[in-house]
Structure formats: structure tokens, C-alpha cells
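**Q** Below you'll find the structure I mean.
The values are calculated or read from the model by the stated rules, or taken from the named source; none is laboratory data. Small disclaimer: the values here were computed from a predicted structure and weren't measured. Cβ atoms come from the backbone with ideal geometry, glycine included; neighbour counts cover every protein chain shown.
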Amino acid sequence: MPGKKALSLAAAAAAITLGAAACGGNGDGADSEALQFGYVFPETGDLSHLGPPQISGAKFALHEINEAGGVLDQEVPAILTGDEANDAAQANDAAQRLVDNDVDVVLGAASSSMTLAIIDTVTGSETVQCSGSNTAPGLTEEKPTEYYYRTAPSDLLQGPVLAQKVASDGHQNVAIAYRADDYGEGLANAAAQAMKDNGIEVKYQEGYDPNAPNFDSVVTEIANQKTDAVVMVAFEEGVQIITGLLESGVDADQMYGTDGLNDETLGSSVDSDNPGIIDGFQGTAPDVGEAGFVKDLQAFDEDLEIMQFSSQIFDCAIVAALAAEQAESTDPTVFVKELAPVTQDGEKCTSFAQCRDLIREGKDIDYEGVSGPINLDEKGDVSQATFQVYGFEDGGKHVKHESITVP
């Protein structure tokens with residue numbers, strides 16, 4: 001069967017011929033060979049806070065690629081957009097529109113459940129897909145395909161990091177509340193097992209409906225456990241749970257979150273008049289990236305407030321571009337074979353330009369991402385990952401306490 005790019009070039013050539021006859025263009029068709037990215041991120045819906053950092057991270061990656069001369073000396077066009085809206089049908093419609101527009105790489109979806117909704121549409125069309133925020137442990141087993149990879153680490157890696165943090169703070173027992181979806185259940189189970197392995201008693205482990213009108217019953221059940229610590233695997237609905245727990249007498253320094261609550265504006269969301277009310281709250285999350293990357297991204301998008309997963313999606317785009325360089329082709333059916341190899345076993349490099357130059361010198365490369373080491377395995381999962389321990393102090397100021405690379 002002809003490669004996807006070959007088919008798209010034939011269609012593009014026909015369109016260019018018609019356009020040239022109509023308006024006198026030269027019809028060279030050079031831009032049709034450019035590597036085309038698209039995204040499916042939450043621009044609306046209850047996970048829309050996850051959209052801006054990933055959209056900006058993706059656009060910044062394409063900017064950096066073009067600053068270095070593009071992919072195979074072709075400028076990468078503007079990214080095509082799609083809104084997942086945390087709705088399976090809408091997400092799949094967005095993915096189908098990208099496929100119909102012949103994108104080569106789809107970045108997204110943001111949530112694991114939305115990726116499950118679109119992965120057959122995307123990868124079934126032999127289009128490469130990469131998520132920088134899918135962390136559900138069983139995702140790559142449930143939907144095995146060489147066309148999907150993720151730069152976000154599985155929750156099986158994050159659970160032990162969180163457990164070690166809770167243990168190091170001296171807590172002996174814990175309550176775990178989680179949103180009842182693939183993300184919440186997967187990370188809660190990984191954390192609970194790691195807690196037990198660290199000698200911590202898990203007195204309570206229950207899921208909740210994230211779309212419930214309120215979370216009073218969740219707060220009451222947790223408060224009644226009177227545990228040393230409370231772990232929440234939550235997104236924005238976690239603000240209501242934190243507020244309720246504080247009102248129930250649970251101190252902020254007894255609370256722990258995960259990546260869904262790694263939000264620089266969390267303090268003001270809980271109490272706009274007193275953001276310091278969450279001082280002492282801590283959590284773990286995939287690292288937002290090295291300081292230089294964060295500074296450069298903030299300069300690129302001065303309005304960006306939340307950074308979570310921006311570095312991982314940046315790395316998604318860079319890996320795809322380097323794979324195309326290595327394969328000397330922007331046909332995803334060709335460069336898909338180079339996705340893992342450009343992240344392992346070669347000469348280490350840390351930017352698109354540096355890695356691209358090594359490739360053109362005939363060297364094998366090992367791209368070390370701005371989010372940390374990647375080392376994609378045969379399933380498309382990262383085999384190493386860098387996490388951060390974050391917290392809030394001095395009036396609700398978000399801080400990164402440390403970075404931890406595992407294994």
C-alpha cells in the first residue's frame with residue numbers, strides 16, 4: 001500500500017494543478033511535504049485548565065524547530081487545532097477533522113480517557129499520535145500500536161514517588177480520595193500499593209464522581225477517618241475538596257496532591273482573599289521542565305500561568321521532528337520506525353538543532369528532553385521519568401522543592 005504522505009502528495013498535486021490553471025501559480029507544491037502537526041486538547045470543558053500549557057508548549061516547540069531551519073529544511077506550518085472538551089464524541093470529531101486534513105502528527109489528547117476515544121481514529125489512519133499528559137498505567141497495553149507514544153510517565157512510576165514523600169514526612173496512615181476515571185483510579189491504586197510497601201496504612205481509598213454537584217460526602221468520609229495525611233487524585237474539583245477539608249479541621253500540611261492539582265493559582269482558587277491558607281500543601285507531578293525551558297516558555301507566552309505538562313508536549317513534538325529527520329521523510333508510515341531510536345542509546349543531545357545536526361553527521365542520537373530523560377520502550381512508554389515535589393508556602397506561593405528521576 002502506498003504511504004500516507006505519497007497519497008496526500010498526489011491529492012495535493014491535483015489541487016495545485018487546478019489552482020495554477022485558475023490563478024497562474026507556479027504549482028511547485030513544496031509546502032505539501034512539510035511536517036504537519038495538529039492537536040486535540042481541552043480548549044473548553046472541565047479540564048480546560050490543562051489546555052493552555054500544552055497548546056503553548058506545542059507552539060513553542062514548532063517555533064524552536066522553525067528557528068533551527070524546519071524539518072528536512074521545510075518550515076513546519078502552523079499547528080491545526082481541535083478541542084477535546086472532555087467529551088468523547090467531540091474529541092473524536094476533532095481528531096477526525098485533523099485526519100481529514102492530512103496531519104502527520106496529532107498531539108494529545110490531554111486525558112487518558114479522551115485518548116481512548118480518539119486513538120483508533122488517529123492511529124488507524126497511520127497518523128502518529130503523542131500525548132504529553134496521558135498517565136493511565138494500562139493505556140499502551142489496552143491500545144497497542146506503534147503509532148502512539150507518550151512522554152508523560154505512567155502512574156506506576158509516580159505512585160512510589162508520592163508514597164516516599166508521604167513516608168518521609170512521617171505519616172503512618174492515609175486516606176486516598178480519587179476521581180473515578182482511568183486517571184484517578186490508576187494513580188490511586190499505584191499510590192496505595194506503594195504506601196503499603198512503605199509501611200503506611202491506607203485506611204480509606206474511595207473514588208468519587210468528578211461531575212457531582214458537591215463533594216460534601218467525600219469531605220465528611222475523609223474527615224471521619226482522622227488520618228495523618230490525605231491524598232487527593234483530582235483536577236479542578238479538588239479545590240472544593242480542599243476547601244471542605246480545611247473547614248473540617250484538616251490542616252493543609254496534611255494534604256497531598258498529584259499533577260492534577262499542580263496549579264500555580266491553587267491558593268487563590270481555594271481562597272482568593274487568603275491564598276496562604278494552603279501553605280504546607282504538597283504534591284508530586286511529572287516535572288514541568290528545567291528552569292531555562294520554563295523561562296523561555298514564559299517569554300514566548302507571557303500570559304501563561306500554569307506550566308503542567310508543557311515540557312512533555314514540547315518533547316512530543318521534538319521527538320516526532322527528529323524521527324522525521326532520522327528517516328529523511330515526513331511520511332508517518334516511514335518515520336514511525338524512528339520514534340524510539342532517537343530517544344535511546346546514542347549521543348546525548350538536548351535541542352532540536354543540536355540533535356538534527358548530529359543526525360546529519362550520521363550519528364545515532366539520544367534526545368534528552370526538557371522534561372527529563374525519555375528513553376521510549378517498545379510500547380511507546382518512557383522508561384525513565386523526572387518528577388517534581390511541589391508545594392505552597394509564603395502566602396500561597398507555588399514552589400518546586402526537588403526533582404526526582406526514576407528509576
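**Q** Can you pull out the residues in region 71-85 that are closer than 26 Å to Glu305 by Cβ and buried (at least 23 other Cβ atoms within 10 Å of the Cβ)?
**A** Hits for region 71-85 are Gly82, Glu84.
**Q** Take Asp271 and tell me if it is out of contact with any strand residue (DSSP E or B) (no Cβ under 9 Å at 6 or more places or on another chain) and farther than 25 Å from Ala385 by Cα.
**A** yes
**Q** Looking for whichever is hydrophobic (A, V, I, L, M, F, W, C) and surrounded by fewer than 18 Cβ atoms within 10 Å (Cβ to Cβ) here; the options are Ala353, Ala321. Which one fits?
**A** Ala353
**Q** Any chance you could count how many residues in region 167-186 are farther than 21 Å from Ala110 by Cβ and either buried (at least 23 other Cβ atoms within 10 Å of the Cβ) or not assigned by TED's automatic domain parsing to the domain that holds Leu261 (or both)?
**A** 4
**Q** Give me a count of the residues in region 269-293 that are under 18 Å from the mean Cα position of the chain (by Cα) and of a type in the set (S, T, N, Q).
**A** 1
**Q** Have a look at Glu206, Glu221 and point out the one that is of a type in the set (Asp, Glu) and part of a helix (DSSP H, G or I).
**A** Checking each option against the conditions leaves just Glu221.
**Q** Can you name every residue in region 249-298 that is aromatic (Phe, Trp, Tyr) and closer than 25 Å to Gly369 by Cβ?
**A** Phe293
**Q** Identify the residue in region 94-109 that is of a type in the set (Asp, Glu) and in a loop (DSSP other than H, G, I, E, B) and, among all such residues, is farthest from the chain's Cα centre (by Cα).
**A** Asp102
**Q** If you don't mind, another one. So which residues in region 229-270 are more than 23 Å from Glu402 (Cα to Cα), in a loop (DSSP other than H, G, I, E, B) and either basic (Lys, Arg) or at pLDDT 95 or above (or both), if there are any at all?
**A** Residues satisfying the conditions are Glu237, Ser248, Gly249, Val250.
**Q** Return the pair list, or none, for Cβ contacts closer than 7 Å from residues in region 246-266 that are of a type in the set (A, V, I, L, M, F, W, C) to residues that are assigned to a loop (DSSP other than H, G, I, E, B), at least 6 apart or on different chains.
**A** If the second residue must be assigned to a loop (DSSP other than H, G, I, E, B), the pairs left are Ala252/Asp279; Ala252/Gly280; Ala252/Phe281; Met255/Phe281; Leu261/Ala234.
**Q** Any idea which residue in region 209-218 is farthest from the chain's Cα centre (by Cα), counting only those that are part of a helix (DSSP H, G or I) and either touching a residue at least 40 places away in the same chain (Cβ under 8 Å) or under 14 Å from Arg179 (Cα atoms) (or both)?
**A** Once the filter is applied, the top-ranked residue is Ser217.
**Q** Let me ask something additional. Tell me which of these Thr135 doesn't satisfy, since it passes every other one: (1) buried (at least 24 other Cβ atoms within 10 Å of the Cβ); (2) modelled with pLDDT of 95 or more.
**A** The failed condition is (2).
**Q** Looking at Asp253, Asp259, which one is out of contact with any helix residue (DSSP H, G or I) (no Cβ under 7 Å at 6 or more places or on another chain) and buried (at least 24 other Cβ atoms within 10 Å of the Cβ)?
**A** Among Asp253, Asp259, only Asp259 is out of contact with any helix residue (DSSP H, G or I) (no Cβ under 7 Å at 6 or more places or on another chain) and buried (at least 24 other Cβ atoms within 10 Å of the Cβ).
**Q** Also: For residues that are surrounded by fewer than 24 Cβ atoms within 10 Å (Cβ to Cβ) and either outside the structural domain of Leu358 (by TED's automatic domain parsing) or of a type in the set (Gly, Ala, Ser) (or both), scanning just region 324-334, find the one that is nearest to Glu33 (Cα to Cα).
**A** Ser329
**Q** Going through region 46-70 one residue at a time, which ones are surrounded by 18 or more Cβ atoms within 10 Å (Cβ to Cβ) and either outside the structural domain of Val319 (by TED's automatic domain parsing) or of a type in the set (Gly, Ala, Ser) (or both)?
**A** Gly51, Ser56, Gly57, Ala58, Ala61, Gly70
**Q** Okay, moving on. Quick one: Ala13 ticks every box in (1) at pLDDT below 95; (2) surrounded by 14 or more Cβ atoms within 10 Å (Cβ to Cβ); (3) in a helix (DSSP H, G or I) except a single one, so which number is it?
**A** (2)
**Q** Something else: Before we move on, is Val389 among the β-branched types (Val, Ile, Thr) and part of a helix (DSSP H, G or I)?
**A** Judged against the criteria, Val389 is not a match.
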